[in-house]
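The values are calculated or read from the model by the stated rules, or taken from the named source; none is laboratory data. Since the structure is predicted, the reported quantities are computational estimates derived from the model, not experimental observations. A quick note on method: Cβ atoms are made from the backbone with ideal geometry, for glycine too, and the neighbour counts reach across all protein chains shown. Just so you know, the surface numbers come from the protein's heavy atoms only, side chains and all, with ligands and any DNA or RNA stripped out. Shrake-Rupley method; radii C 1.70, N 1.55, O 1.52, S 1.80 Å.
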2 protein chains.
Amino acid sequence: MSAEQRQGIRQMLARTPTGSEPKNIEEQREGFATMMSAFQVPAGVTRTDIELAGRRAVLVEPVRDARPGTMLYFHGGSFALGSPETAMSLTAHLVLRTGMRAISFDYRLAPEDPFPAGVKDCFAAYRELLEQGNTAESIAVVGDSAGGAMSVTTALSARNQGVPVPACVVCFSPGGDPMRSGGSLVSRRDRDPFFTPEALQASGERYLAGANPDTEMASPISRADMSGFPPLLVQVGGDEILLDDSVHLTERAREADVDVVLDVTAGVPHVFQAFVDHLDEAGLALDRAALFITQHVARG
Amino acid sequence: MSAEQRQGIRQMLARTPTGSEPKNIEEQREGFATMMSAFQVPAGVTRTDIELAGRRAVLVEPVRDARPGTMLYFHGGSFALGSPETAMSLTAHLVLRTGMRAISFDYRLAPEDPFPAGVKDCFAAYRELLEQGNTAESIAVVGDSAGGAMSVTTALSARNQGVPVPACVVCFSPGGDPMRSGGSLVSRRDRDPFFTPEALQASGERYLAGANPDTEMASPISRADMSGFPPLLVQVGGDEILLDDSVHLTERAREADVDVVLDVTAGVPHVFQAFVDHLDEAGLALDRAALFITQHVARG
């Protein structure tokens with residue numbers, strides 16, 4: 001039934017105009033915000049600007065049927081674009097499906113603040129939630145794309161520093177390694193409507209700004225020791241050149257004896273869950289993510 | 001919290017006496033039935049002996065909160081042991097969680113009826129459900145261990161013969177290839193409380209009885225072309241030497257553009273879902289399987 005929907009998404013994306021002029025970072029950010037604003041924020045949540053670890057964040061709460069627990073959300077945008085607002089549709093849909101509040105966090109971005117600024121911000125946000133009295137068992141760390149990488153480095157940082165790890169980590173289409181390789185860079189090249197290997201390479205260089213990529217925090221997907229990592233759910237689209245990042249991350253988790261789910265929806269693009277209003281599979285995937293989160297976040 | 005439960009399961013299995021005398025097939029079947037009878041069938045279902053495709057089957061229905069749809073269930077037992085009764089605890093737990101009826105099917109077993117007798121029986125059972133007026137969209141095919149392989153070959157047979165494929169396939173710890181290889185045969189050898197590579201080899205030879213293993217139906221995990229396969233969920237324990245069968249099956253599905261979820265629970269054995277009364281992760285996994293099934297089985 002939804003083969004037509006998947007095809008419709010492909011055609012919609014194929015029509016997206018891509019300017020021929022290289023854009024500066026502010027133009028890129030505006031373009032990304034415009035693109036993401038097409039995804040409607042559903043009714044049934046309230047949004048409040050708050051501060052967390054010295055940075056802006058947005059608290060997203062369900063109007064009704066609230067349950068205990070917090071999702072700490074890290075938006076995507078290639079480590080350089082995006083904000084809590086650009087991921088608000090996805091965040092709000094998760095809030096409605098789980099009944100849990102989310103805090104979407106505005107971490108520092110490249111090129112102004114390259115690696116490891118964002119990594120440090122995201123872990124500081126998690127640690128401040130603990131200092132506010134939230135238990136680690138009550139927190140799910142969730143992110144899409146570059147924010148998926150941030151969710152992984154946040155849990156790794158907690159483990160490395162002897163801080164309790166969150167209840168679980170959920171990544172949508174994580175893009176984790178600035179200098180990546182992998183079969184899907186080739187096999188999905190002609191299908192991916194968003195990324196080319198060259199564009200990923202360029203955004204990776206912008207993020208690292210000369211830092212060594214060969215470290216756990218810079219390249220969590222290919223370098224992380226995942227021992228002691230909390231239960232992990234990774235959802236990814238089958239048409240992504242980033243597909244193998246998800247495959248490799250979950251392989252490492254499996255080898256480190258981590259509870260791990262790799263959930264692939266075929267024929268759909270990067271962060272396909274955003275298309276929840278147009279694609280049945282997006283809602284189904286979000287329902288599976290919501291079950292995973294509520295299974296692992298303690299109710300007490 | 002459940003680290004203790006996982007450890008408890010390990011200790012329980014380590015105490016299981018294993019006779020030093022080689023047993024004949026009837027003794028093996030009795031031992032398997034005794035072992036599996038330790039898993040309680042929950043209240044809230046009715047069981048009725050029926051006939052399907054000329055073989056015995058057990059219809060398992062929820063006493064309340066029924067919803068449309070049918071799970072066609074294939075039990076495990078190394079292609080030579082087991083019956084609908086030995087998997088009844090698992091089957092009934094799925095019926096309670098989905099609200100759907102299950103039909104657990106008594107396919108022919110080796111050594112009396114080696115490959116491809118069981119494969120043919122299972123596909124005949126599926127086809128008869130269609131002939132009875134059930135739509136393919138209303139049927140989930142589910143199996144554990146060797147029954148997981150049967151669920152895969154049933155969907156492959158449907159595709160190959162131009163019969164509509166089921167709504168989805170769910171495998172618990174599928175053991176698909178009689179002549180298998182894979183890293184987990186080595187890496188999990190000291191942890192797996194049920195199987196050794198030598199025992200798998202012996203049961204594979206008993207099942208094939210001289211048939212060529214190098215075919216899609218004999219070795220679906222390493223030989224199947226998965227194109228056109230329905231959405232697939234594979235759940236597996238991290239302590240299994242069969243782990244890589246699940247990994248390889250889902251890799252093949254991914255490469256064939258199939259919607260596919262690989263769901264690994266670390267530190268638990270083969271078909272750990274059976275331990276639902278003793279292990280929180282078993283119930284959580286069954287809840288995820290039930291969501292997957294109800295997402296894909298049409299309500300109409």
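Return the FRET efficiency for the residue pair A:GLU131, B:GLU4: r is the Cβ-Cβ distance, R0 is 30 Å, and the value is rounded to the nearest 0.05.
0.55
Kindly list the residues of the stretch A:186-219 that lie in the label zone of A:LYS23, defined by a backbone N under 14 Å from the point 7 Å along the Cα-to-C-beta vector.
From the stretch A:186-219, the list is A:194-195.
Name the shape class, rounded, prolate or oblate, that the alpha-carbon gyration tensor gives for the stretch A:67-179, where a ≥ b ≥ c are the square roots of its eigenvalues, rounded holds for a/c under 1.5, and otherwise prolate holds if a/b is larger than b/c and oblate otherwise.
Numbers: a/c = 1.77, a/b = 1.17, b/c = 1.50.
Taking the square roots of the gyration eigenvalues as a ≥ b ≥ c, the stretch A:67-179 is oblate.
Under the convention of a label 7 Å out along Cα→Cβ, give the distances in nm from B:ALA14 to the same position in every other copy, shortest first.
Label-point distances to the other copies, shortest first: 6.0 nm.
What relative contact order, as a whole-number percentage, does chain B give when Cα pairs under 8 Å and 6 or more residues apart are counted?
Values: 617 pairs, mean separation 55.1, N = 300.
Relative contact order for chain B comes out at 18 percent.
Which value, in debye to the nearest 20, gives the size of the charge dipole of the protein assembly as shown about its Cα centre, when Lys and Arg are +1 and Asp and Glu are -1 at the Cβ?
Details: 52 positive and 78 negative charges, 154 e Å.
Dipole of the protein assembly as shown, to the nearest 20 debye: 740 debye.
If you take every DSSP beta bridge fully contained in chain B, what fraction is antiparallel? Give it as a percent rounded to 5.
Details: 12 of 37 bridges.
That works out to approximately 30 percent antiparallel.
In nm, give the distance between the simple-model label positions of B:GLU205 and B:ASP49, each being 7 Å from the Cα along the Cα-to-Cβ direction.
About 3.7 nm separates the two model spin labels.
Mind checking the alpha-carbon convex hull of the stretch B:175-300 and giving the volume per residue in Å³?
On the way: hull volume 15.7 nm³, N = 126.
Hull volume over Cα atoms, normalised by residue count, gives 124 Å³.
Scaled to the compact-protein estimate 2.2 N^0.38 Å, what is the alpha-carbon radius of gyration of the stretch B:141-221, rounded to two decimal places? Kindly include the intermediate steps, with their values, before the conclusion.
Values: Rg = 13.8 Å, N = 81, 2.2 N^0.38 = 11.7 Å.
Compactness ratio reported: 1.18.
Explain nothing, just the number: dipole magnitude of the stretch A:194-248 about its Cα centre with +1 on each Lys and Arg Cβ and -1 on each Asp and Glu Cβ, in debye rounded to the nearest 20.
Working: 2 positive and 9 negative charges, 31 e Å.
Approximately 140 debye in magnitude.
How much solvent-accessible surface does A:ARG191 expose, in Å² to the nearest 10, with a 1.4 Å probe and all protein chains in place?
Around 80 Å² of this residue is reachable by solvent.
With an 8 Å Cα cut-off and a minimum separation of 6 or more residues, compute the relative contact order for the stretch A:106-186 in percent.
Relative contact order for the stretch A:106-186 comes out at 29 percent.
Quick check: at a probe of 1.4 Å, how many percent of the accessible area of the protein assembly as shown sits on carbon and sulfur atoms?
Numbers: 11540 of 22980 Å².
Within the protein assembly as shown, the accessible surface is 50 percent carbon and sulfur.
Take the Cα coordinates of the stretch A:28-81, assign each an equal point scatterer, and use the Debye formula without solvent to give log10 I(q)/I(0) at q = 0.17, 0.22, 0.24 Å⁻¹.
Here the Debye-derived log intensity ratios amount to -0.76, -1.12, -1.20.
How do B:ASP225, A:ASP49 stack up against each other in accessible area, from largest to smallest, with a 1.4 angstrom probe?
On the way: B:ASP225 80, A:ASP49 110 Å².
Largest to smallest exposure gives the sequence A:ASP49, B:ASP225.
Can you find, among A:LEU249, A:LEU200, A:LEU262, the residue farthest towards the positive end of the dipole of the stretch A:129-269? Put +1 on the C-beta of Lys and Arg, -1 on that of Asp and Glu.
Working it through, the farthest residue towards the positive pole turns out to be A:LEU200.
With every protein chain left in place and a probe of 1.4 Å, what is the accessible surface of B:ARG29, to the nearest 10 Å²?
Result for B:ARG29: roughly 50 Å² accessible.
I'd like the accessible area for B:PHE194: 1.4 Å probe, protein heavy atoms, all chains in place, Å² to the nearest 10.
Estimated to the nearest 10 Å², B:PHE194 gives 70 Å².
Quick one: with label points 7 Å out along Cα→Cβ, list the inter-copy distances for B:ASN212 in nm, shortest first?
Taking the point 7 Å beyond Cα along Cα→Cβ, the inter-copy spacings are 5.4 nm.
Could you give the size of the charge dipole of the stretch A:28-155 about its Cα centre, using +1 on the Cβ of each K and R and -1 on the Cβ of each D and E, expressed in debye and rounded to the nearest 20? Mind dumping the intermediate values first?
Working: 11 positive and 14 negative charges, 48 e Å.
Rounded to the nearest 20 debye, it is 220 debye.
What is the Cα radius of gyration of the stretch A:85-147 over 2.2 N^0.38 Å, N being its residue count?
Details: Rg = 12.8 Å, N = 63, 2.2 N^0.38 = 10.6 Å.
Normalised Cα radius of gyration, the stretch A:85-147: 1.21.
With every protein chain kept in the model, how would you rank B:GLU112, B:GLU251 by accessible area, 1.4 Å probe, largest at the top?
So the residues, ranked largest to smallest area, are B:GLU112, B:GLU251.
Can you give the convex hull volume of the alpha carbon atoms of the protein assembly as shown per residue, in Å³?
Details: hull volume 89.4 nm³, N = 600.
Dividing the Cα hull volume of the protein assembly as shown by its residue count gives 149 Å³.
Taking the label point 7 Å from Cα in the Cβ direction, how far apart in nm is B:GLU51 from each other copy of itself, listed shortest first?
Once sorted, the set of distances for B:GLU51 reads 7.9 nm.
How many percent of DSSP beta bridges within the protein assembly as shown run antiparallel, rounded to 5? List each step's numbers first, then the result.
Details: 29 of 79 bridges.
Antiparallel: roughly 35 percent of the beta bridges in the protein assembly as shown.
Give the average over all directions of the projected area of the C-alpha convex hull of chain B, one decimal, in nm².
Working: hull surface 57.7 nm².
Hull-based average projected area comes out at 14.4 nm².
I want to verify a result. In a Gaussian network model of chain B, Cα cutoff 10 Å, which of these has the top mean-square fluctuation: B:ASN160, B:ASN24, B:ASN212?
Result: B:ASN24 has the largest fluctuation of those listed.
Quick one: ranking B:THR98, A:THR196 by accessible area, 1.4 Å probe, largest first, what do you get?
Details: B:THR98 10, A:THR196 60 Å².
Largest to smallest exposure gives the sequence A:THR196, B:THR98.
For every other residue with a beta carbon closer than 13 angstrom to the beta carbon of B:GLN161, add +1 if it is Lys or Arg and -1 if Asp or Glu, then tell me the sum. Please report the intermediate quantities before stating the final value.
On the way: positive: B:LYS120, B:ARG127, B:ARG159; negative: B:GLU216.
Combined, the nearby Lys, Arg, Asp and Glu give +2.
At 222 nm, what helix-only mean residue ellipticity would chain B give, in deg cm²/dmol to the nearest 500, using -39500 (n - 2.57) for each DSSP H run of four or more? Show your work: numbers first, answer last.
Working: 10 runs with 117 residues, N = 300.
Helix contribution divided over all residues of chain B: -12000 deg cm²/dmol.
Below 13 angstrom from the Cβ of B:LEU242, what's the summed charge of the other residues (Lys, Arg +1; Asp, Glu -1)?
Numbers: positive: B:ARG180, B:ARG188, B:ARG189, B:ARG191; negative: B:ASP144, B:ASP177, B:ASP192, B:ASP239, B:GLU240, B:ASP244, B:ASP245.
Every neighbour counted, the sum reads -3.
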